[in-house]
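Student: Have a look at the structure that comes next, please.
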Amino acid sequence: MSGMNRTAIVTGGSRGIGRAIALALAADGFDVVLSYVTDAEAAGDVVTAIEAQGRRGLAVRADLGTPRDAAALVEAAVTAFGPIDVLVNNAGLSSNESYIADTPPETWARIVDVNLHGTYHMVRAVTPLMRARGGGHIVNLSSNVTQRMPATFGAYTVSKAAVEALTRILAKEEGPHGIHVNAVAPGPIMTDMLEGLLETMGEARARAFVESVPLRRAGQPEEIAAVVAMLVSPTASFISGEVIYVNGGGPGG
């Protein structure tokens, strides 16, 4: 893709998959605004990497579980770089520490607030702007857990299943306005989150889990970023309302 003055927002863009998406979009010619919650240094490093590619970058601290922070993030992006062409809802939390019936209410609420309500808050903030321009792209990050339904991932799985429903409904509602809405559902991707999960599993279970992927490996953040970049490119001009699983064939564990 080529062109000037195109702007993307990537939530949770300071590390892992979000970082890879931010850099891939910058390589495709987008100025990128990324959100973070705690690690300002990591977010600043991503901005530096974006600028090294000749694009503009901006990091904004935002807790997307609150409507106010979502609106402030969008306002900061518009003020800095102009109209929003792409929104990638990547920010998310996970937990696999308990069965649903044993999950503390505050843990359940926090995961749903960030993963589902955060996506909703960002959609509400961005969609009117995209409608006014006659189009745009929204890509939501889901997860392969919506196919596996694993025990102990209850709050995370429920939140991501809801994100997939939101994606398909929103695509129908906003298609007449020229807005493409899709979701990408990664399998096991080598990020800090996955490394922590594998550590809690123990060596034998972790190895069995990774080997259950038909391609016999975990993915890399850049492999998710490449699919997101495709979905916001002219290549995907007739794709909307889809959930694309990028999971190496799907882990069976």
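The values are calculated or read from the model by the stated rules, or taken from the named source; none is laboratory data. Bear in mind that the values here come from a model prediction, so they are computed numbers and not experimental data. When we count neighbours, we look across all protein chains shown, and the Cβ atoms used for this are built from the backbone with ideal geometry, even at glycine.
Student: Quick one: which residue in Ala24, Ala59, Ala43 is touching a helix residue (DSSP H, G or I) at 6+ places or on another chain (Cβ under 7 Å) and over 15 Å from Ala229 (Cα atoms)?
Tutor: From the options Ala24, Ala59, Ala43, the qualifying one is Ala59.
Student: Under the condition of being part of a loop (DSSP other than H, G, I, E, B) and closer than 19 Å to Ile17 by Cα, which residue from segment 214-243 is farthest from the chain's Cα centre (by Cα)? Can you show your working first?
Tutor: Going through segment 214-243, the residues part of a loop (DSSP other than H, G, I, E, B) turn out to be 214-218, 220, 232-233, 237-242.
Next, only the ones that are closer than 19 Å to Ile17 by Cα stay: 217-218, 220, 232-233.
Values: Arg217: 21, Ala218: 18, Gln220: 14, Val232: 13, Ser233: 17 Å.
Per the stated criteria, the residue is Arg217.
Student: A follow-up question, please. Quickly run through segment 153-181 and pick out the residues that are on the phi < 0 side of the Ramachandran plot and outside any helix (DSSP H, G or I).
Tutor: Start the filter on segment 153-181 by keeping residues that are on the phi < 0 side of the Ramachandran plot, which leaves 153-177, 179-181.
Those that are on the phi < 0 side of the Ramachandran plot and outside any helix (DSSP H, G or I): Phe153, Ile179, His180, Val181.
Student: Mind checking which residues of segment 5-54 are within 18 Å of Gly92 (Cβ to Cβ) and of a type in the set (Ser, Thr, Tyr)?
Tutor: Thr11, Ser14, Ser35, Tyr36, Thr38
Student: For segment 186-197, indicate whether the set of residues that are more than 29 Å from Asp102 (Cα to Cα), of a type outside the set (S, T, N, Q) and either assigned to a helix (DSSP H, G or I) or modelled with pLDDT of 90 or more (or both) is non-empty.
Tutor: Checked against the condition, which is being more than 29 Å from Asp102 (Cα to Cα), of a type outside the set (S, T, N, Q) and either assigned to a helix (DSSP H, G or I) or modelled with pLDDT of 90 or more (or both), segment 186-197 yields no hits at all.
Student: Can you tell which of Thr200, Thr152, Thr146, Thr167 is over 28 Å from Val60 (Cα atoms) and touching a strand residue (DSSP E or B) at 6+ places or on another chain (Cβ under 7 Å)?
Tutor: Unique residue meeting the criteria: Thr146.
Student: OK, next. Would you confirm whether any residue within segment 157-164 is among the basic types (Lys, Arg), surrounded by 18 or more Cβ atoms within 10 Å (Cβ to Cβ), at pLDDT 95 or above and touching a helix residue (DSSP H, G or I) at 6+ places or on another chain (Cβ under 7 Å)?
Tutor: Restricting attention to segment 157-164, the residues satisfying the condition of being among the basic types (Lys, Arg) are 160.
Checking the rest, the ones that are also surrounded by 18 or more Cβ atoms within 10 Å (Cβ to Cβ) come to 160.
Next cut, at pLDDT 95 or above only: 160.
Going one step further and asking which of them are touching a helix residue (DSSP H, G or I) at 6+ places or on another chain (Cβ under 7 Å), we end up with 160.
Scanning segment 157-164, I find at least one residue that is among the basic types (Lys, Arg), surrounded by 18 or more Cβ atoms within 10 Å (Cβ to Cβ), at pLDDT 95 or above and touching a helix residue (DSSP H, G or I) at 6+ places or on another chain (Cβ under 7 Å), so the answer is yes.
Student: Follow-up. Please go through (1) within 30 Å of Met201 (Cα to Cα); (2) surrounded by fewer than 17 Cβ atoms within 10 Å (Cβ to Cβ) for Ser142 and return the number of the only condition it doesn't satisfy.
Tutor: (2)
Student: For segment 1-51, which residues satisfy the criterion of being polar (S, T, N, Q), farther than 19 Å from Glu222 by Cα and at pLDDT 95 or above? Before the answer, list the steps.
Tutor: Narrowing segment 1-51 to residues polar (S, T, N, Q): 2, 5, 7, 11, 14, 35, 38, 48.
Narrowing further to those that are farther than 19 Å from Glu222 by Cα: 2, 5, 7, 38.
Thr7 - this is the single residue of segment 1-51 that is polar (S, T, N, Q), farther than 19 Å from Glu222 by Cα and at pLDDT 95 or above.
Student: Moving on. Have a look at His180, His117, His137 and point out the one that is farther than 24 Å from Glu223 by Cβ and surrounded by 15 or more Cβ atoms within 10 Å (Cβ to Cβ).
Tutor: His117
Here is a yes/no grid of residues against (1) among the small types (Gly, Ala, Ser); (2) in contact (Cβ under 8 Å) with a residue 60 or more places away in the chain; (3) within 22 Å of Ile224 (Cα to Cα):
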residue	(1), (2), (3)
Arg55	no, no, yes
Ala71	yes, no, no
Glu97	no, no, no
Pro105	no, no, no
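Student: For Phe209, all conditions in the list (1) free of Cβ contacts under 8 Å to residues at least 60 places away in the same chain; (2) of a type outside the set (D, E, K, R); (3) outside any helix (DSSP H, G or I); (4) buried (at least 18 other Cβ atoms within 10 Å of the Cβ) hold save one; what is the number of the exception?
Tutor: Evaluating Phe209 over (1) free of Cβ contacts under 8 Å to residues at least 60 places away in the same chain; (2) of a type outside the set (D, E, K, R); (3) outside any helix (DSSP H, G or I); (4) buried (at least 18 other Cβ atoms within 10 Å of the Cβ) leaves (3) as the failure.
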